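Engineer: Handing you a structure now.
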Amino acid sequence: MDINVSVRAIEKLVDYTASGIGSTASFFFSRMVARHGADARLISAEGEARARRILADSQASTMGIIAKAQADARATLVSPEAVVEGEIDFGALVDQRIKFQEQKRQSNIGSVVVHAAQELGDREVQDHEVDHDWTARFFSDVQDVSSEEMQQLWAKILAGEVERPGNTSVKTLGILKNLDKTTADLFRQFCSICVSLSPDGINFHDARVLFLGDYSEGNELRDYGFDFSKLNVLSEHGLISTEYNTWYDFVTSTGVIPSETQSLVYFPFCFQGKYWVLVSTGDSVRRKEFRLSGVALTRSGQEISRVIDLVPAGQYTLQLVEYFKKMNLVMTEVPSWKPRIV
C-alpha cells in the first residue's frame, strides 16, 4: 500500500464501522455517514444550528425504534390475556428484551458514528489498514454507552483513531468502558489544570497537575477540588499514577543552549489548550535541571486527555503564574508546540 495515498476521513470511518459491526450491519450507518458527509459542507455555511439539526435527524429514526420497543414491552407485560390467564409468556418477554437491547445498542453505535463523522468533517487522512482487533473491541464496548456526553467522548476516540492509527490503545478502551459520567467529569476538571510536555503535540513525554507548594505539608490540590478521596477515584480508574508525588524535568521549557550557537531553544509545554515557555528574567542562571512535582497521568490517562474538553481554571492559572514568577520565570504564550529559538 502507498502510505502517501490520502482518502476522505469519512470514507475511512465507514471502513472502521464495517470492520467493527460487519459490512451488512454497517450499510445503514454508511448511508447515515454519507448523508452527513454530504451535508457537512453546508454546516460551515449555515452555522451550528444547521449542524445540530443534521445530528438530530440522523438520530431520530433510531430513537423511534427504541420508543416502539419500549411500548411493545409494556404492552406485553400488561397484556389482558396474561392477567386473565394468571400467567405471562416469558418466552415472548425474553424476545422483547433481546429485541429492545439490540435496537438500543444499534442506536448507541449510530449516535457515536454520527458524532465521529461530525468530528472528522471534510478532512482527509492517509489510507491505512484497519486494525480489526481494535474495532471489534471498540464497537463491542461502545454499544452499551447511552449517555450523550459519553457518546461524544467515544466518538472523539474513534475519530482520532481514524486520523492516527494507534492513537488509543486497547487497554485505554477498557478503562474508558468502565468510566462513568461522574468520573469523566472529575477527570475533565483534572485535565483542565494539567501541564503536559509533548515533542510533537500528539505524543506525551509527561502530563501532570503540579503542586504549587510543599507536598510534605499536605495535599494542596484539595484547594482546587481534589482531595485524596477524589484522587483515589481517578487512580482506581487507571487515569492517574498511584504515586501522587512524582516529578519530571521540564528544563527544556526554560531554554537550552545549542552547542553551535548561544541562542536559547525553548520547548513549549501545554496548559489550558495553549502553549507556553518559561522565560528567565533578570540575571537568573540557566538551569541544568528543572524538576516539577505533582500527580502524573498514566499512559491511558494521557490518551483520553487528548479528547477531553477543558473547562476554565482561573484560580489555578493565577497561582501557576505566580509559582513560576517566584523562580524568576515568566510564563509566556507561544503559537504552537514547535520549538522556539530566541
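The values are calculated or read from the model by the stated rules, or taken from the named source; none is laboratory data. A quick note: this is a predicted structure, and the numbers were derived from the prediction, not measured. Using ideal geometry, Cβ is built from the backbone for each residue, glycine included, and neighbour counts are taken over all protein chains shown. The protein model used for the area step is the full one, side chains on, heavy atoms only, and it has no ligands, DNA or RNA in it. Shrake-Rupley method; radii C 1.70, N 1.55, O 1.52, S 1.80 Å.
Engineer: Round to a whole number: what % of the accessible area of segment 176-278 belongs to carbon and sulfur, probe 1.4 Å? Spell out each step's value before the answer.
Structural biologist: Numbers: 2270 of 4660 Å².
C and S fraction of accessible area: 49 percent.
Engineer: Now for a separate question. Using the Karplus curve 6.51 cos²θ - 1.76 cosθ + 1.60 with θ = phi - 60°, work out ³J(HN,Hα) for each residue of segment 234-248 in order, rounded to whole Hz, and write x for Gly and Pro.
Structural biologist: Couplings: 5, 5, 5, 8, x, 9, 10, 5, 6, 9, 7, 10, 10, 9, 9 Hz.
Engineer: If the cut-off is 19 Å between C-alpha atoms, which lysines fall inside it for K99, apart from same-chain ones fewer than 8 positions away?
Structural biologist: K68
Engineer: Continuing with this model, one more query. Return the subset of K156/K325; K12/K171; K156/K274; K288/K325; K230/K325; K104/K181 for which the Cα-Cα distance in this structure is over 27 Å, preserving the input order.
Structural biologist: Details: K156/K325 36 Å; K12/K171 23 Å; K156/K274 20 Å; K288/K325 18 Å; K230/K325 29 Å; K104/K181 19 Å.
Long pairs (Cα-Cα over 27 Å): K156/K325; K230/K325.
Engineer: If the chain between L310 and S280 were fully stretched, how many nm would it gain, using 0.36 nm times the residue separation less the Cα-Cα distance? If you can, show how the numbers build up before the last one.
Structural biologist: Details: separation 30, 0.36 × 30 = 10.80 nm, distance 2.84 nm.
Contour length minus the Cα-Cα distance gives 8.0 nm.
Engineer: Separate question: What distance in nm separates the simple spin-label points at D131 and E333, each placed 7 Å from Cα in the Cβ direction?
Structural biologist: My value for the distance between the label points is 3.5 nm.
Engineer: Moving to a separate point now. State whether segment 299-342 is rounded, prolate or oblate according to the following rule on the C-alpha gyration tensor (a ≥ b ≥ c being the square roots of its eigenvalues): a/c under 1.5 gives rounded; otherwise a/b larger than b/c gives prolate, and the remaining case gives oblate.
Structural biologist: Oblate, because a/c is 1.5 or more while a/b does not exceed b/c.
Engineer: Tell me, what is the FRET efficiency for K99 and D227 to the nearest 0.05, using R0 = 41 angstrom and their Cβ-Cβ distance as r? Kindly include the intermediate steps, with their values, before the conclusion.
Structural biologist: Values: r = 46 Å, r/R0 = 1.11.
For K99 and D227, the calculated efficiency is 0.35.
Engineer: If you roll a 1.4 Å probe over segment 302-342 with all protein chains in place, what percent of the accessible area is carbon or sulfur?
Structural biologist: Values: 1430 of 2480 Å².
Taking all protein chains in place, segment 302-342 shows 58 percent carbon and sulfur surface.
Engineer: Also: Could you give the nm distance between label points at D144 and E124, where each point is 7 Å from its Cα heading toward the beta carbon?
Structural biologist: Simple spin-label model gives 4.1 nm for this pair.
Engineer: Between S192 and residues 5 or more places away or on another chain, which pairs have amide H atoms under 5 Å apart, with H built 1.01 Å from N, and which residues are they?
Structural biologist: So S192 has HN proximity to V311.
Engineer: What FRET efficiency, computed as 1/(1 + (r/R0)^6) with R0 = 22 Å and r the Cβ-Cβ distance, is obtained for S263 and T317, rounded to the nearest 0.05? If you can, show how the numbers build up before the last one.
Structural biologist: Numbers: r = 29 Å, r/R0 = 1.33.
Here the calculated transfer efficiency is 0.15.
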